[in-house]
Amino acid sequence: QGAMFRCSARCCEDSAASMQEVQRCIERCHAPLAQAQAIDRLSRCTLHCTDRAKDALEAGGAEASVRGQLDACLATCGDDHLRLVPAMAKKMKDGLAALRQ
């Protein structure tokens, strides 16, 4: 996060840049953190699923049933995060386009 803020500050220090150029620069600075956060969110979701499965097994749940619940939970995590891909791809594409300008 520190690197992101330093990068953003450098964008704002460019007195010759237009507001649009500064905004694009800041967005480029934020892109790696946003991607890392998305991966972290998916990881937390899958950990939640495995915790629920462990709890269900410890409570005496049948292994086959718990496995089905775990698979469904993991599939939901994947589906939820796949829905984020188009927005992330657009941000990455916009960031790359801004770099070319």
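Taken together, the values in this text are just the output of simple stated rules run on the coordinates, not laboratory data. Since the structure is predicted, the reported quantities are computational estimates derived from the model, not experimental observations. Glycine also receives a Cβ, built like all others from the backbone with ideal geometry; neighbour counts cover every protein chain displayed.
Site pair residue 58 and residue 71 shows an inter-label distance of 2.5 nm when each label is modelled 7 Å from Cα along Cα→Cβ.
Quotient of the Cα radius of gyration of the chain and 2.2 N^0.38 Å, N being its number of residues: 1.59. In a shell of Cβ-Cβ distance under 12 Å around residue 72, excluding residue 72 itself, what net charge do Lys and Arg (+1) and Asp and Glu (-1) give? Every neighbour counted, the sum reads 0. In summary, the aspartates and glutamates within cross-link reach of residue 54, defined as a Cα separation below 15 angstrom excluding same-chain residues under 8 places away, comprise 63, 71.
Note on residue 89 and residue 10: the extension gain reaches 25.9 nm, defined as 0.36 nm multiplied by sequence separation minus the Cα-Cα distance. Backbone amide hydrogens, once placed in the peptide plane, bring residue 84 within less than 5 Å of nothing, excluding anything fewer than 5 places away on its chain. Note that region 30-47 has calculated 3J(HN,Hα) couplings of 7, 4, x, 5, 4, 5, 5, 5, 5, 5, 5, 5, 5, 4, 5, 5, 5, 5 Hz, one per residue in order, obtained from phi through the Karplus relation 6.51 cos²θ - 1.76 cosθ + 1.60 (θ = phi - 60°); glycine and proline are x. Listed by chain and number, the aspartates and glutamates placed with their C-alpha closer than 14 angstrom to that of residue 91 are 27; residues fewer than eight positions away on the same chain are left out.
Annotation: cysteines of the chain without a disulfide-compatible partner (Cβ-Cβ under 4.7 angstrom) are 12. Across the chain, Cα pairs under 8 Å and at least six residues apart give a relative contact order of 30 percent.
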